[in-house]
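Below: one structure, written as structure tokens.
The values are calculated or read from the model by the stated rules, or taken from the named source; none is laboratory data. Here the structure is a predicted model, which is why all the values come from computation and not from measurement. Cβ: placed from backbone, ideal geometry, glycine included. Neighbour counts: every protein chain shown. Surface accessibility is based on the protein's heavy atoms, side chains included, excluding ligands, DNA and RNA. Shrake-Rupley method; radii C 1.70, N 1.55, O 1.52, S 1.80 Å.
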Amino acid sequence: MERGTHILVIAYPVQGHINPMLQFSKRLASKGPRVTFISTSIMSKSILQTVQTAGSSLNFETISDGSEDVDHKTEIIDAQLERFELVVSQNLAKFIESQKSSKHPPKILVYDSVLPWALNVARKLGIDGAPFFTQSCAVNAIYYHHVLRGALGRIPVEGPLISLPSMPSLGISDMPSFLCDTHSYPALLKLVLNQFSNFQEANWLFCNTFDKLEHELSLRGYEGKRN
């Protein structure tokens, strides 16, 4: 990747998704690319200020997600997710289009994996797209094998033990809660499962993991003992 390549990053606006994608963005910017972290208007000013302070090496932009015009006390989760996709996909496209004639036109969009429609936005505007999976690789593997491979059979998942490729035997208590209790949050279950709808069409895949970090720490510890 060329130094100065402009990369856009957009996260689903909840803390558990923002934090890993913010850390990824800072790491990415340290390697030379120009990184713009895109937030949406539902983020509170305090969270936004914290994010911007923590990512001083990044550029920040905010686009509307339509939350300014709704009553959050009465809007159900299904309507919220539908509105978010409709409004953000339109405003994200407008933002990318506005940047095409700038000094640093964007080349890549890294998007939260629960926003698979962002890949379509990127492709229509001629830039590459890559999902970032904010959950652990183990959880992603469980969802993947259920959605694309049918390895878990029906849901809710029934035990006592579940066997999946390249993973140890798992009990019901090891399963993501959405696969065991499908009635409490059906809209969120759909959101999670949809992240695998088109990920194989993306240019790259990014995962939130400590594996490489742990490997680096092990190497440093080994070198320290040698010295």
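Observations, loosely collected:
- Test: residue in segment 216-227 that is at pLDDT below 60, open to solvent by 70 Å² or more (accessible area, probe 1.4 Å), closer than 19 Å to PHE24 by Cβ and more than 16 Å from the chain's Cα centre (by Cα): yes
- Cβ-Cβ contacts under 9 Å between residues 6 or more apart (or on different chains), taken from a first residue in segment 98-124 that is in a loop (DSSP other than H, G, I, E, B) to a second residue that is open to solvent by 20 Å² or more (accessible area, probe 1.4 Å) and of a type in the set (D, E, K, R), are listed as HIS104/ARG34; LEU115/GLU85.
- Scanning segment 12-32 for residues that are assigned to a loop (DSSP other than H, G, I, E, B) and either more than 24 Å from TRP117 (Cβ to Cβ) or open to solvent by less than 10 Å² (accessible area, probe 1.4 Å) (or both) turns up SER30, LYS31, GLY32.
- The residue that is farthest from GLN195 (Cα to Cα), counting only those in segment 105-131 that are of a type in the set (Lys, Arg) and in contact with a helix residue (DSSP H, G or I) (Cβ under 9 Å, 6 or more places away or on another chain), is LYS124.
- Among the residues of segment 157-198, those identified as open to solvent by less than 40 Å² (accessible area, probe 1.4 Å) and more than 23 Å from the chain's Cα centre (by Cα) are VAL157, ILE162, LEU164, LEU170, GLY171.
- Residue count, segment 132-180 (criterion: part of a loop (DSSP other than H, G, I, E, B) and either at pLDDT 85 or above or farther than 13 Å from GLN195 by Cα (or both)): 24
- Residue within segment 4-11 that is at pLDDT 90 or above and either farther than 24 Å from GLY126 by Cβ or open to solvent by 20 Å² or more (accessible area, probe 1.4 Å) (or both) present: yes
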